[in-house]
Amino acid sequence: MNKGQLVDKIAESADVTKASAGRVLDSIISEVTAELANGGDVALVGFGTFKVSARAARKGRNPQTGEEIQIATSNAPGFKAGKALKDALN
């Protein structure tokens with residue numbers, strides 16, 4: 001399912017226009033992104049938790065040359081599914 005299809009499903013199930021559903025989805029994505037960028041977590045009970053994990057600096061190799069390179073510290077977004085979501089899939 002892509003974003004357009006998700007907007008269609010939201011509009012249909014919530015009985016709102018597609019434009020309105022699109023704005024709501026964009027707002028949700030924007031707010032989750034902003035909270036993660038500020039170092040916070042977003043927990044949606046029953047669905048899951050979005051959080052940021054820190055990756056330590058490490059050594060790697062350039063696959064083309066085999067040269068050793070230093071990979072910088074970075075932050076990575078993560079998602080842990082909640083119990084209700086896991087149960088719905090099994």
Query raised in the report: Under 18 Å Cα-Cα from Lys59, which aspartates and glutamates qualify once same-chain neighbours fewer than 8 residues away are excluded?
Result: Glu67, Glu68
Report summary line: Output ordering of 19-27, 55-63, 38-46 (per-residue mean of other Cβ within 10 Å, highest first) is 19-27, 38-46, 55-63
Query raised in the report: When we measure straight from the Cα of Lys83, which lysines land under 23 angstrom away, once same-chain ones fewer than 8 places off are left out?
Result: Lys51
**Report entry** the chain: calculated mean residue ellipticity at 222 nm from DSSP helix runs of at least 4, using -39500 (n - 2.57)
**Finding:** -13500 deg cm²/dmol
Query - Among Leu85, Ile71, Gly39 the positive-end extreme of the charge dipole of the chain (Cβ point charges) - result: Ile71
Requested in this report: Compute the acute angle (0 to 90°) between the alpha-carbon long axis of helix 3-14 and the principal axis of greatest extent of the alpha-carbon atoms of the chain; round to the nearest 10°.
Outcome: 30 degrees
Requested in this report: Give me the distance in nm between label points sitting 7 Å out from Cα along the Cα-to-Cβ direction at Lys59 and Asp15, one decimal.
Outcome: 6.5 nm
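Each value in this text was obtained by applying a stated rule to the coordinates, not by laboratory testing. In this text the structure is predicted, and so the values were computed from the model without any measurement. Here the Cβ is made from the backbone with ideal geometry for all residues, glycine too, and neighbour counts use every protein chain on show.
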